[in-house]
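The values are calculated or read from the model by the stated rules, or taken from the named source; none is laboratory data. Note that the structure is predicted; figures quoted are calculated from it, not measured. A quick note on method: Cβ atoms are made from the backbone with ideal geometry, for glycine too, and the neighbour counts reach across all protein chains shown. Accessible surface areas use protein heavy atoms only, side chains included; no ligands, DNA or RNA. Shrake-Rupley method; radii C 1.70, N 1.55, O 1.52, S 1.80 Å.
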Amino acid sequence: MITVLVTGASGYIGSHTIIDLLSQNHKVIGLDNQINSTLKAYKRIESISGKNIKTYEVDLKEKEKLRQVFIENPDIQAIIHFAALKSVDESVEQPTLYYENNIVGMIYLLQLQVEYNVPFHIFSSSCTVYGNSKDMPVTESSPWMPAESPYGLTKQVGEQILANLANSTQNFGAISLRYFNPAGAHPSGLLGEAATKTVRNLIPLIMEVGAGKRPLLQVYGDDYPTRDGTNIRDYIHVMDLARAHTLALKHLEEHPEKLPLQEFNIGSGQGVSIKEAIQSFNRVTGLKLPYQIVARRPGDVVAIYADFTKAKNLLGWHPIYTLDDILSSAWAWEKNKSEFLS
Ligand code: WQD
């Protein structure tokens, strides 16, 4: 049981991970600037876990406010760093917003982590570090291609900073978890993805179309060199993703000896096309999702899905939720989401 500072705590993956950390009896301190989340998430964490957590409303770019968190909580022994902007297409439209928010914020956090001797760091990285990889599925040693978006570049830079720090700093162990496409919602139906900025990811958009909030889903291109012409992605249930963080923390605690940065793919290992995701939605809901093929979206990679053997062997992690579980849990959440955001 240790004290963990979670940045991006009221966000989608952060809030679900906190529930898993609390279930393992860790003490959690939550921090978020609420740019893309609502404080209600903390109430839902309490309803689901039966525990409430100390929280701070701080932007990582406010270094002296962030320092206060370390001063007031000298028992912090690990940081799980989620706080970042994460839309591929928004980063193409607003690159400097992404570079400033995702990289400057991370640098201040790491400088304070080292200054206050916090030994463990888990970084929310992404499969976008691979770019348009030639390997499929990608493994952790697949060479990085140029990032296809400013978002992807902020994750490549973040991993590079961590690798340099892990090599040069005593008493500092770091793990980078490379998420594929996070989706789905907590089985209770009380928590799920509820971005307060514009919804841009495929699964939440499918839900909004299904709920009649949008007339149809725009499919960004069906002329890709894939089995049905649409992009292939690896959708991973947010609860599987949450468990990966708790297991990564356990791994760091069990291996405090000086190690270089360790990276792990956290994906289902299953490549799913856009049309196959739509078919899954239709299967679990009995509806027929209306969609229209439109032009390709800048920044999209053609196909990517995970080889997660390393996480299985070293962290003891593997996904337990299926694609249909993802779509049905997201659909259940869609019906509760508006009350959560009201
Ligand atoms: C998925 C596919 C679109 C919307 C995400 C996260 C990023 C990172 C990687 C964790 C693409 C297509 C989408 C729509 C569509 N994950 N699409 N119509 O770009 O793979 O990136 O996973 O760090 O944070 O954003 O996800 O959901 O935006 O797109 O056809 O209306 O769905 O072209 O092929 P992406 P996405």
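Quick notes on this structure:
- Per the listing Val138, Val104, Val58, the residue uniquely under 17 Å from Asn36 (Cα atoms) and more than 12 Å from the ligand (Cβ to nearest atom) is Val58.
- Residue list for segment 180-203, restricted to those being near the ligand (Cβ under 9 Å from one of its atoms), open to solvent by less than 20 Å² (accessible area, probe 1.4 Å) and either closer than 15 Å to Ser328 by Cβ or touching a Leu at 6+ places or on another chain (Cβ under 6 Å) (or both): Ala183, Ile203
- Test: residue in segment 254-273 that is open to solvent by 50 Å² or more (accessible area, probe 1.4 Å) and touching a Leu at 6+ places or on another chain (Cβ under 8 Å): yes
- Selection status of Thr230, in a helix (DSSP H, G or I) and surrounded by 16 or more Cβ atoms within 10 Å (Cβ to Cβ): no
- Cross-chain or 6+ apart pairs with Cβ under 8 Å, segment 275-297 first and under 11 Å from Ser328 (Cα atoms) and at pLDDT 95 or above, then open to solvent by less than 80 Å² (accessible area, probe 1.4 Å) and part of a strand (DSSP E or B): Ser280/Val272
- Qualifying residues in segment 69-121 (those that are of a type in the set (D, E, K, R) and at pLDDT 95 or above) - the one least open to solvent (accessible area, probe 1.4 Å): Asp75
- Residues in segment 59-68 that are open to solvent by less than 60 Å² (accessible area, probe 1.4 Å) and either free of Cβ contacts under 8 Å to residues at least 24 places away in the same chain or more than 23 Å from the chain's Cα centre (by Cα) (or both): Lys63, Arg67.
- Number of the condition not met by Met207 [criteria: (1) crowded, with 23+ Cβ neighbours inside 10 Å; (2) part of a loop (DSSP other than H, G, I, E, B); (3) within 15 Å of the ligand (Cβ to nearest atom); (4) hydrophobic (A, V, I, L, M, F, W, C)]: (2)
- Unique match (being in contact (Cβ under 8 Å) with a residue 24 or more places away in the chain and either of a type in the set (Phe, Trp, Tyr) or near the ligand (Cβ under 10 Å from one of its atoms) (or both)) among Asn171, Asn167, Asn231: Asn231
- Residues of segment 25-41 that are touching a helix residue (DSSP H, G or I) at 6+ places or on another chain (Cβ under 8 Å) and either closer than 11 Å to Tyr56 by Cβ or open to solvent by less than 50 Å² (accessible area, probe 1.4 Å) (or both): His26, Val28, Ile29, Gly30, Leu31, Asp32, Ser37, Thr38, Ala41.
- Filtered residues of segment 317-331 (kept if surrounded by fewer than 18 Cβ atoms within 10 Å (Cβ to Cβ) and either over 20 Å from Asp234 (Cβ atoms) or in contact with an Asp or Glu (Cβ under 7 Å, 6 or more places away or on another chain) (or both)): Ile320
- For segment 210-227, taking the residues that are away from the ligand (no atom under 11 Å from the Cβ) and assigned to a loop (DSSP other than H, G, I, E, B), the one that is most open to solvent (accessible area, probe 1.4 Å) is identified as Arg227.
- Selection count where residues are surrounded by 18 or more Cβ atoms within 10 Å (Cβ to Cβ), touching a helix residue (DSSP H, G or I) at 6+ places or on another chain (Cβ under 9 Å) and not basic (Lys, Arg), scope segment 166-179: 7
- Yes/no for Lys288 being part of a helix (DSSP H, G or I) and either under 22 Å from Glu193 (Cα atoms) or not small (Gly, Ala, Ser) (or both): no
- Residue check, Ser49 of a type outside the set (Asp, Glu) and within 14 Å of the ligand (Cβ to nearest atom): no
- Evaluated against (1) on the phi > 0 side of the Ramachandran plot; (2) in contact (Cβ under 8 Å) with a residue 12 or more places away in the chain, Thr246 falls short on exactly one condition, (1).
- Picking from residues in segment 143-163 that are away from the ligand (no atom under 15 Å from the Cβ) and in a helix (DSSP H, G or I), the one that is most open to solvent (accessible area, probe 1.4 Å) is Gln160.
- Of the residues making up segment 263-291, those that are polar (S, T, N, Q) and closer than 30 Å to Ala174 by Cα are Asn265, Ser268, Gln270.
- Selection of segment 278-297 for residues being open to solvent by less than 60 Å² (accessible area, probe 1.4 Å) and aromatic (Phe, Trp, Tyr) yields only Phe281.
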